[in-house]
Every structure is written in C-alpha cells, then in structure tokens.
Amino acid sequence: MLTILGRKAPKSTTCDGLSRRGFLQIGALGAAGMSLPQLLRAEAAAGIRNSHKAVINVLLPGGPPHQDMFDLKPDAPSEVRGELNPIATNVPGIEICELMPRVAAMMDRFAIIRSMADSNPQHDLYQCVTGYPRNKRVAVGGTPSAGAWISRMAGPVSRAVPPHMSLMYPTGERRWGDPGDGGFLGLGHAPFRLVSGKGSNKVETAENMVLQGISLERLNQRNNLRQSLDNFRREADASGVMDGMDVFSKQALGILTSSNLSDALDLSKEDPEIVARYGKPDAKFRADGAPKMTTNLLLARRLVEAGARYVSLNFSRWDWHGNAFGRARQDLPMLDHALSALLQDLHERGMEKDVSVVCWGEFGRTPKINKNSGRDHWPRANFALLAGGGMQTGQVIGSTNRTAAVPKDRPVKFQEVFATLYHNMGILDLPERIFDPSGTPRNPIDTGTKPLEELV
C-alpha cells in the first residue's frame with residue numbers, strides 16, 4: 001500500500017521517508033494481479049470502458065443517529081424524538097432534519113434507506129467498506145474491500161491514477177480509519193492512501209508528487225534494472241505472491257511521471273466559488289475520530305475526474321453518547337454543505353449517472369435519549385443515503401416503527417447496497433471467474449444477493 005500525502009518529507013524522499021528508488025520497489029511482496037486480456041474482454045462485453053463509472057463512499061464513523069437525521073419521529077414521546085424537527089424536502093412526503101436544508105432542497109437527487117437491518121454491533125466501519133462483519137471470514141486470503149473488487153473488475157482508467165483511492169484519516173479508534181484492503185485479490189488492489197498519520201490534515205503535493213533531479217530516461221533505466229533482478233524472485237515464487245509487483249511498478253511510474261494526481265489534489269486549481277460551496281472544513285481531530293474535512297468530498301470528485309474508480313473518506317466522529325443535539329448542530333450543517341455541493345458538482349459536470357455516492361455509518365443510535373442527552377449504540381436499525389449512479393432517486397426505501405427501533409417493512413442488508421453499487425459499476429455479472437488461493441470461485445457479493453430493485 002502506498003502513501004503519497006502527509007507530513008512534509010525531505011526532498012530526497014517520499015512522504016513515507018522512502019528514497020525514490022525505494023518508492024519504485026514498493027510492492028515486492030504484492031499478491032495476485034490482473035489478467036489484462038481477460039479483463040479487457042470482460043470490459044468490452046460489459047461496455048464499461050464506454051464511460052467512467054465510479055463510487056464515492058462517505059463514511060461517518062461512530063454510528064450517526066438515524067432518528068435525528070433521516071428518520072425523525074415527531075409524534076414519538078419527547079425522550080425519543082429529541083430536540084430536532086423535520087422539514088419538508090423538494091419531494092412531497094419526504095422529510096429530513098431541519099439542520100440539512102441543502103440536501104432537503106435537492107432530495108430528488110438522493111434516496112434514503114431507513115431500514116438497514118443487519119448492522120454489526122461493533123464500532124467498526126468494516127461492514128461499510130466490504131459488506132461483511134470483520135469476524136466473518138469470507139475467503140482464504142482475506143475479504144477484499146469494495147474498492148479492491150472495483151479495482152480488480154473495472155480496472156484503471158489512467159496509468160497515473162490508481163483506481164482504488166482512500167482519503168480516510170487514520171484515527172485513534174483504528175477501525176474508523178480502516179478503508180479495507182485487497183484481501184485475496186492482492187496488494188495491487190489495496191487502497192492507495194492519500195493521508196498518513198493522525199494530524200495529517202493538510203494536502204501537500206508539490207514536493208512529494210514530482211520528480212526532482214531524475215529524468216524519465218534514468219527512471220526507466222532504474223526500473224528496468226529492478227525488474228530484471230526481481231524476475232528471478234518472481235519465478236522462484238511458486239505461490240505467485242509476487243505477481244502484484246508489476247501493478248505497483250506501473251502505478252509508481254505512472255504517478256511519478258504525470259501531474260494528473262497532484263493536480264487533482266491541488267484545490268488551488270479549482271474554481272474558488274465551487275470550493276466555497278462545500279463549506280469551511282475543520283481540520284482538527286476530535287477525540288478518536290476523523291476531522292470534518294468538507295473539502296475532502298470535493299477532492300473525491302476531483303480524483304474521480306482524474307481517473308479514480310473508487311474513493312473512500314471518513315468524516316468527523318458520530319459516537320454521541322452525550323450532548324448529541326449540540327454535536328448535531330455542529331456537524332450536520334457541515335455534512336449538509338458537503339453532500340449537496342458534491343451532488344451539484346456531479347450534476348453540472350454530467351457525472352451524476354456514472355458516479356454513485358453512498359453515505360452511512362456502522363450502526364444507528366438508541367431510540368431513547370440517555371441521561372447525558374445522548375444516544376447509545378443501536379445495531380437493529382440504521383440508514384444509508386445514496387445518490388447518482390443512474391439510480392432512481394427522490395424516494396425512501398423501507399421504514400421503521402414509531403420509535404425508530406426496528407425496521408417495520410423492507411429490511412435492507414449491507415450486501416444489497418453493495419450489489420446495487422456493483423451493478424451501477426457494471427461489474428456484477430461479468431463472465432470472468434475469480435478464485436481465491438484455495439481455488440474456490442469468489443464473487444463481490446454473496447450468491448443470490450440482488451441489487452435493490454427500487455433503485456436500479
């Protein structure tokens with residue numbers, strides 16, 4: 001896994017403190033890579049390369065309160081309904097929290113799932129990046145994240161931008177900063193992480209992203225030498241665990257010899273009026289969660305434009321056991337700014353049908369407000385907000401009972417949401433078969449799981 005942003009490094013190193021020669025050597029312990037001929041045949045059959053499909057996964061670590069955001073219960077007892085009121089949206093009959101007026105004004109571009117029913121009770125975003133609880137071993141070699149599957153099945157758009165990107169900040173609660181990995185698909189499909197270390201809240205690209213004093217010819221000579229030496233080790237590795245090295249080599253060369261990625265991460269190249277749409281970010285970390293970087297949603301859009309297929313990011317800390325409504329008044333307007341700006345951007349750029357957006361957390365919150373004016377952990381009901389991807393938006397899927405405690409109808413599972421995202425990407429029914437190290441054929445989702453018919 002490569003990290004290219006973070007604290008400023010000396011000019012002779014990357015931001016990880018590696019020499020540039022070391023940078024090109026990253027990946028020597030990679031795992032299974034792509035079969036390019038098979039991939040191209042599959043993509044041609046599915047028409048994937050006719051457009052640039054992508055997913056932006058916005059993660060809210062800590063368990064955002066469904067009943068204070070998208071499933072308010074104004075007729076419930078006061079100890080359940082809380083301090084916030086619902087407001088009408090531009091879709092008749094749909095109401096959401098008063099602190100999210102911008103999303104309300106474009107609800108026709110969003111779809112709300114109010115009946116997520118299989119949340120794991122652990123404080124862990126793993127289910128939001130893989131579709132599975134962490135304790136469920138899906139395959140020999142590990143469970144690939146959604147980004148890894150998309151990287152493997154859809155492939156790169158540009159040699160200069162890895163298909164699987166992560167803007168997730170490492171957090172004090174480590175599971176809130178974990179974007180998943182390549183699993184049995186290999187390190188070549190693991191996330192290319194763009195932030196490193198707690199406190200890395202400034203995007204610094206100039207020195208880390210350009211070649212300094214090394215010509216392209218000399219770089220290629222070094223790569224050829226490294227490749228010839230490593231061929232022996234690859235041939236000696238009967239298990240194939242070094243096959244992923246070629247993926248990393250191409251990534252490193254593409255990134256180092258192109259400005260595409262550094263340009264995408266440079267917000268000074270963006271229209272200031274568009275940057276302002278996203279609201280002012282707050283780069284401070286709160287306790288063990290992530291900072292409130294509204295502009296990371298803008299960076300996600302710019303990364304997709306540059307060629308990324310999948311971008312994950314974490315936003316704030318939603319574990320509100322106390323002062324829940326004070327925290328909501330701080331965080332919800334910032335999320336409202338960022339989400340609405342992202343959808344407006346995608347629409348204006350003609351990307352709304354190709355780029356799917358999902359926003360969610362690991363579980364919901366208790367129906368009853370506790371003595372500290374907060375809500376506790378509650379996995380029995382949760383929400384997901386979806387947009388773009390050509391989906392049928394402007395609707396609510398499912399409902400909960402009077403206290404938002406349990407789904408009343410249309411319970412939805414994480415796997416169904418991922419099936420929908422994979423369907424939007426055009427990779428759900430590709431003919432290529434993929435095997436884990438034991439030789440067992442594997443799919444991105446469980447056999448028999450279908451996309452949400454209301455959306456596709």
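The values are calculated or read from the model by the stated rules, or taken from the named source; none is laboratory data. Since we're looking at a predicted model, the values are computed, not measured. When we count neighbours, we look across all protein chains shown, and the Cβ atoms used for this are built from the backbone with ideal geometry, even at glycine.
Summary table
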{"quantity": "Pairs, first touching a residue at least 40 places away in the same chain (Cβ under 8 Å) and at positive phi in the range 269-282, second surrounded by 11 or more Cβ atoms within 10 Å (Cβ to Cβ) and assigned to a helix (DSSP H, G or I), C-beta under 7 Å, six or more apart", "calculated": "Gly279/Met334; Gly279/His337; Gly279/Ala338"}
{"quantity": "Breaking point among (1) surrounded by fewer than 18 Cβ atoms within 10 Å (Cβ to Cβ); (2) outside any loop (DSSP other than H, G, I, E, B); (3) in contact with a helix residue (DSSP H, G or I) (Cβ under 7 Å, 6 or more places away or on another chain); (4) not small (Gly, Ala, Ser), for Lys408", "calculated": "(3)"}
{"quantity": "Every pair of residues 6+ apart whose Cβ atoms lie under 6 Å, when the first sits in the range 167-178 and is farther than 9 Å from Asp124 by Cβ while the second is outside any helix (DSSP H, G or I) and among the small types (Gly, Ala, Ser)", "calculated": "Met168/Gly177; Met168/Ser312; Tyr169/Gly177; Tyr169/Ala290; Pro170/Gly177; Thr171/Gly177; Thr171/Gly289; Thr171/Ala290"}
{"quantity": "Cross-chain or 6+ apart pairs with Cβ under 7 Å, the range 62-85 first and crowded, with 20+ Cβ neighbours inside 10 Å, then of a type in the set (Asp, Glu) and in a loop (DSSP other than H, G, I, E, B)", "calculated": "Gly62/Asp319; Gly63/Asp319; Gly63/Glu362; Leu84/Glu98"}
{"quantity": "Out of Leu261, Leu346, Leu303, sole residue that is in contact with a strand residue (DSSP E or B) (Cβ under 6 Å, 6 or more places away or on another chain), assigned to a helix (DSSP H, G or I), modelled with pLDDT under 95 and crowded, with 22+ Cβ neighbours inside 10 Å", "calculated": "Leu261"}
{"quantity": "Asp108 over 16 Å from Arg309 (Cα atoms) and at pLDDT 95 or above", "calculated": "yes"}
{"quantity": "Failed criterion for Val91 (all others in (1) of a type in the set (Val, Ile, Thr); (2) touching a residue at least 40 places away in the same chain (Cβ under 8 Å); (3) not in a loop (DSSP other than H, G, I, E, B) hold)", "calculated": "(3)"}
{"quantity": "Of all residues in the range 414-456 being assigned to a helix (DSSP H, G or I) and hydrophobic (A, V, I, L, M, F, W, C), the one that is surrounded by the most Cβ atoms within 10 Å (Cβ to Cβ)", "calculated": "Leu421"}
{"quantity": "Breaking point among (1) over 22 Å from Ala387 (Cβ atoms); (2) touching a residue at least 40 places away in the same chain (Cβ under 8 Å), for Arg114", "calculated": "(1)"}
